[in-house]
Amino acid sequence: MNRSYVSGHCAAFVFVLSTTTASHGGDTKYDLIYKFSTGDVIRYEVEHRMSIRNTIDKETQLATSETKSVKAWRILDVLPDDQIELMNMVEQVYMKNRLPDLDNQIYDSTKDKIPPPGFEDAARAVGVPISILRMSPQGEILDRKMQIHQPAADPDALITVQLPEEPVAIDETWDEPLRVTVQLKEGGTRAIQARRHYKLKDVKHDVATIELSYQILSPINAYLEAQLIQRFMNGTVRFDIAAGRILSQEMKVDRRVLGYAGPTSSMHYVMQMKERLLEDVPEVAQKP
């Protein structure tokens, strides 16, 4: 896929702000801000494991998946108003899925020139821009242009960790409001109010530890909860204050829903995601 991008600035613009402010009320406040330069390539190794067990009318089915990937943020520009434009990519991926009554299905982008059946969408998204994002220095997504259509993609998936607008002290919190659309059993849709809730847990050696939890604010029943189950992530993020980027993050879900499809139905969803910053990873070939 050919894509040309003309930067509005010829020279690299280094985005740097102060990392801490003076003590306020006896507590040191920290500026948590993304800091990038035009032309930076930030890579992360991501591991994702999931299992979902469904029981309906005494029949139980189990599906599992395991994904290991390298994702990259290519910084296209840092604008005069400090907004950041970046290209979001997946440079390589290994996937293993197991569905009820089927053997393991495996796709490895580093080995499989032709993807096995069922992995065509994943293969098309490797080595090409998935989206072009414009975000604030705090990580709020201001604009998103999708370059690859992914039918199964969650439009509200966690792309960036949103940082506070103002400097914060340890134990202070901030929220990222969310609005989620769910399908109603009787037909139609409904908007659900939710949020990601953040807390600055600790700062050591200029690395901030941030706690994150997903919270539903609207009343819901089991049928709606089953649609939202994979969103209930809790975890921690390690953020390098001086460098202005995430070092690592770990998210988990372990949740059960009873009675979502009848009085004897149940769903148990377990997920673990780990992500860590890579340094000096060689360039991988991109699709033309």
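Phi-derived couplings, Karplus 6.51 cos²θ - 1.76 cosθ + 1.60 at θ = phi - 60°, listed residue by residue for region 55-63: 10, 9, 6, 6, 9, 10, 10, 10, 10 Hz, with x used for Gly and Pro. The stretch between Q147 and T181 holds 10.0 nm of extra length on full extension. This uses 0.36 nm per residue minus the Cα-Cα distance.
Shape class of region 17-137 from the Cα gyration tensor (axes a ≥ b ≥ c, square roots of the eigenvalues): oblate, since a/c reaches 1.5 or more and a/b does not exceed b/c. Straight-line cross-link reach from K199 at under 23 Å between alpha-carbon atoms covers these lysines, not counting any fewer than eight positions away in the same chain: K29, K35, K252, K274.
Peptides 50-57, 183-190 ranked from most to least packed, by the mean per-residue count of other Cβ atoms within 10 Å: 50-57, 183-190. When the charge dipole of region 41-277 is built from unit charges on Cβ atoms (+1 for Lys and Arg, -1 for Asp and Glu) and taken about the Cα centre, the candidate among Q193, A125, Y94 whose Cα reaches farthest toward its positive end is Y94. Using r as the Cβ-Cβ distance of L79 and R53, and R0 as 45 Å, what FRET efficiency do you calculate, to the nearest 0.05? That gives a FRET efficiency of 0.45. The length gained on full extension between L258 and R98, counted as 0.36 nm times the residue separation minus their Cα-Cα distance, comes to 55.2 nm. Mean residue ellipticity at 222 nm, helices only, the chain: -1000 deg cm²/dmol; runs of at least 4 DSSP H residues each add -39,500 (n - 2.57), and the sum is divided by the number of residues.
Where a number appears in this text, it was derived from the coordinates with a stated rule and is not lab data. This is a predicted model, so every value here is computed, not measured. Cβ atoms come from the backbone with ideal geometry, glycine included; neighbour counts cover every protein chain shown.
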